[in-house]
Amino acid sequence: MPWQNKVRRLIGQPVGISFANGQGTSGILCRVAGGKVFVIEYLYKTQFALKQYDYRLIQDINEFPPCQNREPLY
């Protein structure tokens with residue numbers, strides 16, 4: 001499914017975004033407006049940043065999967 005068809009239902013959810021240049025980012029999808037997506041990303045300690053990305057830069061957006069194993073892996 002093209003990411004444009006699912007992006008509105010992902011608002012408020014943790015997402016991973018892959019860009020056309022091969023890089024990616026993750027965060028909470030805050031809104032979609034004016035051909036841009038707005039994502040709050042973690043920076044450091046208690047710092048977060050609201051970043052915006054143009055539709056043309058985005059290859060795909062996917063929601064985070066649920067945790068399958070609730071036990072520690074160590």
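Just so you know, all these numbers are worked out from the coordinates, no wet-lab data involved. Predicted model only: the values in this text are computed from it and were never measured. A quick note on method: Cβ atoms are made from the backbone with ideal geometry, for glycine too, and the neighbour counts reach across all protein chains shown.
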If you check Ile17 against the conditions, is it of a type in the set (A, V, I, L, M) and out of contact with any Phe, Trp or Tyr (no Cβ under 6 Å at 6 or more places or on another chain)? yes
Selection over region 49-74 where residues are over 18 Å from Arg8 (Cβ atoms) and in a helix (DSSP H, G or I) yields a count of 2
Failed condition for Asn21, given (1) surrounded by 10 or more Cβ atoms within 10 Å (Cβ to Cβ); (2) in contact with a Leu (Cβ under 9 Å, 6 or more places away or on another chain): (1)
Show the residue pairs that are 6+ apart or on different chains and have beta-carbon atoms under 7 Å apart, the first residue being within region 46-67 and more than 18 Å from Arg31 (Cβ to Cβ), the second being exposed (fewer than 14 other Cβ atoms within 10 Å of the Cβ) and small (Gly, Ala, Ser). Gln59/Ala20
If I ask for residues that are of a type in the set (Gly, Ala, Ser), in a strand (DSSP E or B) and under 19 Å from Phe64 (Cα atoms), which ones from region 6-48 would you list? Gly16, Ser18, Gly24, Ser26, Gly27
